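Before any comments, here is the structure.
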Amino acid sequence: MRIHQWEVWKTQPAGFAAAHWFVIISGQERCDEPRQLMVNGLACFTLRGLLRKSEVQLNGADGFSTPTACQCDYVYCLEKSKLHSGQGLVSWERQQQIKSNVKAVLRL
């Protein structure tokens, strides 16, 4: 299995009752290195209600059939071996929005 930065993968990290989608934000070097067992990801949830300031909305261009919120205020450590059901890349426009939002929310 090959993982790429900005791909969307499903997994169930500790503390989650069910599997969720995650946008992989680790650099490609970490994704490619077999000795690196973990990657960083941002959780995605079906959008219910209004989008929060710390979220970016994903849609069909990003592989989602329903409006989805990508939470940019917390980075999860995800085990590569537990990632499954990859659904492609987040669009370039949304990548830029996520980058800007992560910088703003985490004050980088």
Original post:
What percent does the relative contact order of the chain come to when contacts are Cα pairs within less than 8 Å and at least six residues apart?
Top reply: 28 percent
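Can you give the translational diffusion coefficient of segment 39-92 in µm²/s, computed by Stokes-Einstein from the Kirkwood radius over Cα pairs at 37 °C and 0.692 mPa s?
Translational diffusion coefficient: 272 µm²/s.
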Subject >> Helix axis angle, 92-105 relative to the chain longest principal axis, alpha carbon, degrees >> reply: 80 degrees
**OP:** Report, in deg cm²/dmol and to the nearest 500, the calculated mean residue ellipticity at 222 nm for the chain, where each DSSP H run with n ≥ 4 adds -39500 (n - 2.57) and the sum is divided by the residue count.
**Re:** -5000 deg cm²/dmol
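Taking the mean number of other Cβ atoms within 10 Å as a proxy for protection, how do you rank 66-78, 23-35 from highest to lowest? Walk me through the numbers on the way to the answer.
Values: 66-78: 17.8, 23-35: 15.2.
Top of the packing list down: 66-78, 23-35.
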**OP:** Work out, step by step, the length gained on full extension between Ser85 and Met1: first 0.36 nm times the residue separation, then minus their alpha carbon distance; give nm to one decimal.
**Re:** 29.2 nm
Subject >> Label corresponding to P(r) over Cα pairs in 10 Å bins from 0, in percent when calculated from the structure given, among (i) 15, 50, 32, 3, 0; (ii) 12, 41, 35, 11, 1; (iii) 15, 43, 25, 12, 4, 0 >> reply: (i)
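Using 0.36 nm per residue, how much length does the chain from Arg52 to Val75 gain when fully extended, once their Cα-Cα distance is taken away? Mind dumping the intermediate values first?
Working: separation 23, 0.36 × 23 = 8.28 nm, distance 1.63 nm.
Net length gain for the segment: 6.6 nm.
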Original post:
In terms of Cα to Cα distance under 21 Å, which lysines are near enough to Lys103, apart from those fewer than 8 places away along the same chain?
Top reply: Lys53
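None of the figures in this text is laboratory data; all of them are computed from the coordinates on show. The structure presented is a predicted model; accordingly, all values stated were derived computationally and were not measured. Methodologically, a virtual Cβ is constructed for each residue, glycine included, from the backbone with ideal geometry; neighbour enumeration extends over all protein chains shown.
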